[in-house]
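> Dropping the structure in here first, questions after.
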Amino acid sequence: MLSFVRSGPKILVIQPRDFQKLKKFIQLNFSCKKIPEDVQTFEDVISEASYDQTVVYMVDNAADNVDGFDIERTMIISEGDNNFFMHSINQGGASEIAYIRKGPRIVIMKVLGDMDGTVRSVSEDFGAMSEPTRQIFHRHSDGTIVCFTRVNINRKVQFEEFYEHAFYTKTHFTEVIDSIDHHGLKYINRNVGSDMWYELTLKIYDEKEAYKIQYDRLTYILDHVGSNLILKEGWSEETRRLFQTVGIYKITLFTHLAPVEIKKILLSLEYLENGERIVDFDVFYNKKRIRWEDVQLPNIRKRSALSLHYRHELYKQLESDVILGLKSMEDYIFASR
């Protein structure tokens, strides 16, 4: 589905009694993600943490807003903040904490169309003023910060991919994310021209008739690319050879991606990485079929090679666990043939 909004990582600001003891306790009791050495700012740490992880920042005075950055005092744990609280109390780590507070919760919104108009529309609904995104995390110690981006939010969003302005509100995080989710189409309709939307027809044909796994695989990828709203779907028939009618599964897709971009994605899924073709995906826009030659590159002549090229491009849009999920489905398809 087309994703408009999601949460960012949680933030905990901790004043330890002994920095080294608390850091060692966290390393022994929680799964910690290594922070790349090129991370230079607190904001950039946010790019390294996913929505289900927590950024732990240890400071000399946790009651103050975060000011400055020290990578040695920063950790990313694969737990929510509530789990951190409970486990720290149960395992005796709480005694190493002099003061602890939550940082602002983060909401990330994908924008289509007019960025400034969308930021203005959303911030006005919450009675908030926009602020520079690079400074906003240093100015507030609680509440909710809403950041905006044009990229697919079903993957990790780099901080530089956020728009230069965000806004802060004291409204509770749950209320903010629910409101934006509920009114997402309203914001899009206000700030997107009608020419940015395409209604496409996708057809799935598999001579082995493994339609369920092919459909699941296709929608799995489209969901994670964040490209679509499926309007309707169902069985149909068409003549593929002389006097031979075959069954196909047809999907009507509503998307902001251009038809050729959808064709590239579908072409990347027609072949396995070993070059075996396992399905035929067709894309139609305004009753015209988008052919593989329409997305052909000058230096690639074979359809299978072009599929592999676009598969590598697709991987750049996906998180590693999504790629593993795709390969798992393809292993099943390969083994069943």
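> With an 8 Å cut-off on Cα pairs and a minimum separation of 6 or more residues, tell me the relative contact order of the range 5-191 in percent. Intermediate values should be presented prior to the final figure.
Working: 348 pairs, mean separation 51.2, N = 187.
So the answer I get is 27 percent.
> List the relative contact order of the range 197-335 as a percent without decimals, with contacts defined as Cα pairs under 8 Å and 6+ residues apart.
Details: 201 pairs, mean separation 40.2, N = 139.
Relative contact order here is 29 percent.
> Over the range 74-201, what is the percentage of antiparallel beta bridges among all DSSP beta bridges, to the nearest 5?
Values: 7 of 13 bridges.
Around 55 percent antiparallel, to the nearest 5.
> Quick one: 256, 138, 182, fewest Cβ neighbours within 10 Å first, how do they rank?
On the way: 256 18, 138 14, 182 11.
Result, fewest neighbours first: 182, 138, 256.
> Ordered by residue, what ³J(HN,Hα) values in Hz, to whole numbers, does the range 114-123 give under the Karplus form 6.51 cos²θ - 1.76 cosθ + 1.60, where θ = phi - 60° and Gly and Pro are x?
6, 5, 4, x, 5, 4, 5, 4, 5, 5
> Okay, moving on. What are the chymotrypsin sites (Phe, Trp or Tyr not before Pro) within the range 240-299 that DSSP puts in a loop, where the Cβ has at most 14 other Cβ atoms within 10 Å?
Numbers: sites: 243, 249, 254, 271, 281, 284, 285, 292; in loops: 243.
Taking the range 240-299 and a limit of 14 other Cβ atoms within 10 Å, the loop chymotrypsin sites (Phe, Trp or Tyr not before Pro) found are 243.
> Sticking with this one: May I ask for the net charge around residue 82, where only other residues with Cβ less than 15 Å from the Cβ of residue 82 are counted and Lys, Arg are +1 while Asp, Glu are -1? Each step should come with its number before you reach the end.
Working: positive: 10, 101, 102, 105; negative: 52, 79, 81.
Result for the local shell: +1.
> Could you tell me the distance between the Cα centroids of the range 267-337 and the range 196-215, to the nearest Å?
Centre-to-centre distance over Cα atoms comes out at 13 Å.
> Give the label of the value calculated from the structure for volume of the Cα convex hull per residue in Å³, choosing from (1) 122; (2) 160; (3) 168.
(3)
> In whole Å, how far is the Cα centre of the range 14-76 from that of the range 106-136?
27 Å
> Under the rule of at least 5 residues apart or a separate chain, name every residue whose amide H is placed under 5 Å from the amide H of residue 99.
Under 5 Å from the amide H of residue 99 lie the amide H atoms of 15, each far enough along the sequence or on another chain.
> Still on this structure, please answer the following. Tell me, rounded to the nearest percent, the portion of alpha carbon pairs in the range 197-335 spaced more than 21 Å apart. Write out the running numbers ahead of the final one.
Values: 3900 of 9591 pairs.
Counting pairs separated by more than 21 Å, the tail of P(r) holds 41 percent.
> HN-Hα J couplings of the range 166-176 from phi, Karplus 6.51/-1.76/1.60, θ = phi - 60°, integer Hz, Gly and Pro as x?
Per residue, the Karplus-derived 3J(HN,Hα) values read 10, 9, 10, 9, 7, 4, 4, 3, 4, 5, 5 Hz.
> Taking amide H positions as placed 1.01 Å from N in the peptide plane, with prolines and chain starts having none, which residues 5 or more places from residue 248, or on another chain, fall under 5 Å of its amide H?
Excluding prolines and chain starts, which carry no amide H, the hits are 236, 237, 238.
> Relative contact order of the chain, please, whole-number percent, based on alpha carbon pairs below 8 angstrom and at least 6 residues apart. Let's see the in-between values first.
Values: 595 pairs, mean separation 55.3, N = 337.
Relative contact order of the chain: 16 percent.
> Given H placed 1.01 Å from N in the peptide plane, which residues other than close sequence neighbours of residue 167 have an amide H under 5 Å from its amide H?
131, 146
> For a quick check of your reading of the filter: which GluC sites (Glu not before Pro) in the range 1-80 sit in a DSSP loop and have no more than 13 other Cβ atoms within 10 Å?
37
> Could you run the Karplus curve 6.51 cos²θ - 1.76 cosθ + 1.60 with θ = phi - 60° over the range 285-296 and give me ³J(HN,Hα) per residue in whole Hz, x for Gly and Pro?
Those phi angles translate into 10, 6, 6, 9, 6, 8, 8, 5, 5, 6, 10, 5 Hz.
All of the numbers you see were taken from the coordinates with simple rules; none came from a lab. The structure presented is a predicted model; accordingly, all values stated were derived computationally and were not measured. Glycine gets a Cβ as well: all are built from the backbone with ideal geometry, and neighbour counts include every protein chain shown.
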